[in-house]
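This report concerns only the one structure given below.
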Amino acid sequence: MPKVSTGELFEKALGGGYAVGAFNVNNMEIIQAIVEAAEEEKAPLILQISKGARQYARHEYLMKLIEAALETADLPIAVHLDHGDSFELCKDCIDGGFTSVMIDGSHLPFDENIALVKKVVDYAHPRGVPVEAELGRLAGIEEHVSVSERDAVFTNPDQAKEFIERTGCDSLAVAIGTSHGAYKFKGEAKLDFERLEEIQEKLPGFPLVLHGASSVLPEFVKECNKYGGELPGAQGVPEEMISRAAAMNVCKVNIDTDLRLAMTATIRKVFAQKPDEFDPRKYLGPAREAIKNMVKHKLHILGVAGKLG
Ligand code: G3H
Ligand code: 13P
Ligand code: ZN
């Protein structure tokens, strides 16, 4: 099956009340695990590649691995640049066969973010590539933080409307309380659903994206810690909140940390049981299986399982 753009996946997701999973890939085992999971669960898929992943595995290798997946799996797959940080990087990825890019100018002042996104949109659109942008900053917010402090960090719904009109971007990553990595909330996990409602009222029918959506499941944290780790438990986004967002206009949900934890917990377990193991297949194989199981589980949380065709 040929690669698809995120645009066609989002159209169906909006109508269907589910979100497409966007999973980060860095090597062959991770790609195989995600693609097999999506194929078995009959779910459309976004494979996303960060700047760091592209530097680690190299563009050509990742694209060939994804081509192999497309040859063997009967699945619509979009290939997306995660957190592009410059026009040049987005251009390289578009020229190199990505079907979707994110330009992340969320750290820039409003007008500068707009100018950068617009520059990428002007290059991407004539080439049929949709662009994701981000407004607001993904930061863990502690419970006692005031409303005005929250407003300064989270996505402002009025600004969001102006932002998409002025940039022409195709989807928008919003800041409503999630953050990247394994340490998301100090106190109770909380997402600003009122703000999300308001954003989707201001942007009817417009695809929204949720970054930092890993749930940091306690059993994997516990497994990592069993062998000498010190990861704190249960700091992720509760999965019922992810399902709730996926039923709204959130069409793309980014998950990386949960896959990393599943992979790492499994590899650590193998070495704990067999400290003298040195055949990479003996630890990367079980790790691939663990990622696959995690992805299958997430596809159900997102409501995208069974949505192929
Ligand atoms: O949001 C970032 C993703 O988890 C990718 O992380 O930049 O370490 O590849 P990375
Ligand atoms: P997590 O760190 O919560 O998995 O988020 C991943 C992400 O947003 C990638 O862009
Ligand atoms: Zn992200």
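The values are calculated or read from the model by the stated rules, or taken from the named source; none is laboratory data. As the structure is a computational prediction, the values presented were derived from the model and not from experiment. A quick note on method: Cβ atoms are made from the backbone with ideal geometry, for glycine too, and the neighbour counts reach across all protein chains shown.
Considering region 68-96, and only residues there that are of a type in the set (A, V, I, L, M), within 16 Å of ligand 1 (Cβ to nearest atom) and assigned to a strand (DSSP E or B), the residue that is surrounded by the fewest Cβ atoms within 10 Å (Cβ to Cβ) turns out to be Val79.
Scanning region 265-286 for residues that are among the aliphatic types (A, V, I, L, M) and surrounded by fewer than 22 Cβ atoms within 10 Å (Cβ to Cβ) yields Ile267, Val270, Ala272, Leu284. Going by what's in this entry, would Val153 be described as out of contact with any helix residue (DSSP H, G or I) (no Cβ under 8 Å at 6 or more places or on another chain), away from ligand 1 (no atom under 16 Å from the Cβ) and closer than 17 Å to Arg137 by Cβ? Yes.
Looking at region 151-172, can you tell me whether even one residue there is over 30 Å from Gly236 (Cβ atoms), part of a loop (DSSP other than H, G, I, E, B), touching a residue at least 40 places away in the same chain (Cβ under 8 Å) and not polar (S, T, N, Q)? There is at least one residue in region 151-172 that is over 30 Å from Gly236 (Cβ atoms), part of a loop (DSSP other than H, G, I, E, B), touching a residue at least 40 places away in the same chain (Cβ under 8 Å) and not polar (S, T, N, Q).
For region 109-126, the count of residues that are surrounded by 14 or more Cβ atoms within 10 Å (Cβ to Cβ), within 27 Å of Lys190 (Cβ to Cβ), more than 16 Å from ligand 2 (Cβ to nearest atom) and of a type in the set (Lys, Arg) is zero.
For first residues located in region 251-267 and near ligand 3 (Cβ under 10 Å from one of its atoms), partners that are modelled with pLDDT of 95 or more and of a type in the set (Lys, Arg) and lie 6+ apart or on another chain with Cβ distances below 7 Å form the pairs Ile255/Lys298.
Among the residues of region 207-225, are any within 16 Å of ligand 1 (Cβ to nearest atom), within 30 Å of Glu11 (Cα to Cα) and without any contact (Cβ under 8 Å) to a residue 24 or more places away in the chain? Checked region 207-225: no residue is within 16 Å of ligand 1 (Cβ to nearest atom), within 30 Å of Glu11 (Cα to Cα) and without any contact (Cβ under 8 Å) to a residue 24 or more places away in the chain. Residue count for region 204-226 satisfying the condition of being in contact with a Pro (Cβ under 8 Å, 6 or more places away or on another chain) and under 22 Å from Ala247 (Cβ atoms): 1. Comparison of Gly205, Gly236, Gly228 shows that the only residue that is surrounded by fewer than 21 Cβ atoms within 10 Å (Cβ to Cβ), modelled with pLDDT under 95 and in a loop (DSSP other than H, G, I, E, B) is Gly228. Of all residue pairs spaced 6 or more apart or on separate chains, those with beta-carbon atoms under 7 Å, a first member in region 53-80 that is over 16 Å from Thr99 (Cβ atoms) and a second member that is of a type in the set (A, V, I, L, M) and at pLDDT below 95 are Asp74/Met1.
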